[in-house]
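The structure appears right after this line, and notes come after that.
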């Protein structure tokens, strides 16, 4: 955002991302509009993989794909500059702005399935209806891994070893970030992914939609309904599965 003088001479805040990227190369690949930083080389094969992944998820969950824009930058510093930060300490690898139909990634890759999941699943305009972060991120992690360079299974293996070092773990500890990794949110992401995995195996896509359409007020009751057991029993089941995963 910058202060820009309008035709009446008044200063107004204006998003100047189109100005900042005016000299970047643009590529249209089916429903994805790529806007590519000068230090990145567009890889058509990776773009084709991106299209294939989106179409697979859309078919699996009966989602209509809307066109979206994908900003491709080489590193987190350049991502910060695109967000108009002069000094940027974030290690963020990607972010999806669903209301704007925009994805930003600092991995320098045309194919970021985790963020595609966030883009594809419909966005609730009323924030009171948003599903909890553990489900929103868990869904993307189960389907595409927690980041661009780690699979769900790899992250699950790592989180399992972390769980083995703790005597007692609760959903509350994880959802309030009392128990987390230092530099990522993989613990929250993975436990949400395991919840989605169990629900899909039990109820298929119908169960996933029921999870995705829950909110913070009915989260516990929805979990109890789809698992057919109390919230505490669900918690023990999921925690035990993760803790024992790397022992198998």
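The values are calculated or read from the model by the stated rules, or taken from the named source; none is laboratory data. Since the model is a prediction, treat every value here as computed from it, not as a measurement. Cβ atoms come from the backbone with ideal geometry, glycine included; neighbour counts cover every protein chain shown.
When residue 165 is evaluated against the numbered criteria (1) modelled with pLDDT under 95; (2) crowded, with 19+ Cβ neighbours inside 10 Å, which criterion, by number, is the only one it fails?
Failed condition: (2).
Name every residue in the stretch 174-199 that is closer than 19 Å to residue 239 by Cβ and either without any contact (Cβ under 8 Å) to a residue 24 or more places away in the chain or more than 18 Å from the chain's Cα centre (by Cα) (or both), in order of residue number.
Hits for the stretch 174-199 are 176, 177, 178, 179, 180, 181, 198, 199.
Which of the residues that make up the stretch 175-193 are part of a helix (DSSP H, G or I) and surrounded by fewer than 22 Cβ atoms within 10 Å (Cβ to Cβ)?
If the condition is that a residue be part of a helix (DSSP H, G or I) and surrounded by fewer than 22 Cβ atoms within 10 Å (Cβ to Cβ), then 175 is the only one that fits.
For (1) more than 26 Å from residue 223 (Cβ to Cβ); (2) more than 18 Å from the chain's Cα centre (by Cα), each residue gets a yes or a no:
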{"residue": "39", "(1), (2)": "yes, yes"}
{"residue": "66", "(1), (2)": "yes, no"}
{"residue": "85", "(1), (2)": "yes, yes"}
{"residue": "101", "(1), (2)": "yes, no"}
{"residue": "113", "(1), (2)": "no, no"}
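Return the only residue of 116, 152, 61 being assigned by TED's automatic domain parsing to the domain that holds residue 220, surrounded by 15 or more Cβ atoms within 10 Å (Cβ to Cβ) and out of contact with any strand residue (DSSP E or B) (no Cβ under 6 Å at 6 or more places or on another chain). Walk me through how you get there before you give the answer.
Values: 116 fails: assigned by TED's automatic domain parsing to the domain that holds residue 220; 61 fails: assigned by TED's automatic domain parsing to the domain that holds residue 220.
So the residue among 116, 152, 61 that is assigned by TED's automatic domain parsing to the domain that holds residue 220, surrounded by 15 or more Cβ atoms within 10 Å (Cβ to Cβ) and out of contact with any strand residue (DSSP E or B) (no Cβ under 6 Å at 6 or more places or on another chain) is 152.
Out of (1) farther than 26 Å from residue 120 by Cβ; (2) part of a loop (DSSP other than H, G, I, E, B), the odd one out for residue 216 is which?
Unmet for residue 216, out of (1) farther than 26 Å from residue 120 by Cβ; (2) part of a loop (DSSP other than H, G, I, E, B): (1).
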